[in-house]
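Contents: one structure, followed by commentary.
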Amino acid sequence: GQTVNSNQPEVWTKTAYLFNDNHKIYLFASSFYQDQKSFFGTVKYNAQQTNFYGNLRYELVYSEKHSLKTGISYRYLNLNEDIAFTYTILQRTYAGNYKRIENIPGLFAENSMSFFNDKLTWIAGIRGDQHNQFGFTVTPRTLLKYDVTPKTVFRASVGTGWRTVNLFSENIGL
């Protein structure tokens, strides 16, 4: 059989201050706590996770067709997973307590430009993140979007990105 008992309170806010039409500041923050107690057949999986994300962004519209967004962000993760087996004949080897804490401050900038009566949009961005375990990572990216007709749009994007894996909670079927 299977049982899953999960409790997850969550809060978030998005607040903005507009100095004028060209200068704006946004604050986005969210946090949640999850407490999960579960059994999947003979596997006990209990986990507690605390997440926080904050993003402070400044937006400058520096011409009629161009804008620049810059800001800072911070991500915090505290994950504690406990895995145990009530039946050991399968000789699984991943039982144990897995703990991980991540602190990831970051900086970002993104420039948006429109051309040809807003039919072509080009967005170019870059961000840098300092992970407490994996060090500093730079992730550039760019996107082109062309509106051929109101119902036909071509998009092309190039860039990099990264994230860390929560192996057990993202593959709960294992």
Among Gly41, Gly159, Gly128, whose mean-square fluctuation peaks in a Gaussian network model of the chain (Cα, cutoff 10 Å)? Gly41
At a temperature of 20 °C and a viscosity of 1.002 mPa s, determine how fast the stretch 113-166 diffuses translationally according to Stokes-Einstein, using the Kirkwood radius over alpha-carbon pairs as Rh; express D in µm²/s, rounded to the nearest whole number. 161 µm²/s
Gain in length, Thr3 to Phe85, computed as 0.36 nm per residue apart minus the alpha-carbon separation, to one decimal in nm? 28.1 nm
How big, in percent, is the set of alpha carbon pairs in the chain lying more than 22 Å apart? 62 percent
For Thr42 and Asn166, compute 0.36 nm times the residue count separating them, minus their Cα-Cα distance, and round to one decimal in nm. 42.5 nm
Say each of Lys99 and Ala156 gets a label point 7 Å from the Cα, pointing the same way as Cα to Cβ; how far apart are those two points in nm? 5.0 nm
Based on alpha-carbon atoms only, what is the radius of gyration of the stretch 55-103 relative to the globular estimate 2.2 N^0.38 Å? 2.38
Given the candidates Thr42, Pro9, Pro150, the one whose Cα lies deepest towards the positive end of the charge dipole of the chain, counting +1 at each Lys or Arg C-beta and -1 at each Asp or Glu C-beta, is Pro150
Hey, how many Å between the Cα centroid of the stretch 33-59 and the Cα centroid of the stretch 6-27? 22 Å
Give me the three principal axis extents of the stretch 1-79 from the C-alpha atoms, as integers in angstrom, largest value leading. 62, 19, 18
Area accessible to solvent at Ile101, 1.4 Å probe radius, in Å²: 90 Å²
Accessible area per residue in Å² at 1.4 Å probe, computed on the chain: 67 Å²
In the chain, carbon and sulfur make up what percent of the accessible area (probe 1.4 Å)? 58 percent
Counting all Cα-Cα pairs in the stretch 83-174, those more than 15 Å apart amount in percent to 74 percent
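The values are calculated or read from the model by the stated rules, or taken from the named source; none is laboratory data. Bear in mind the structure is a predicted one, so any value in this text is a computation, not a measurement. Ideal geometry is used to build each Cβ from the backbone, glycine not excepted, and the neighbour counts take in all protein chains shown. Keep in mind that these areas ignore ligands, DNA and RNA; they rest on the heavy atoms of the full protein, side chains included. Shrake-Rupley method; radii C 1.70, N 1.55, O 1.52, S 1.80 Å.
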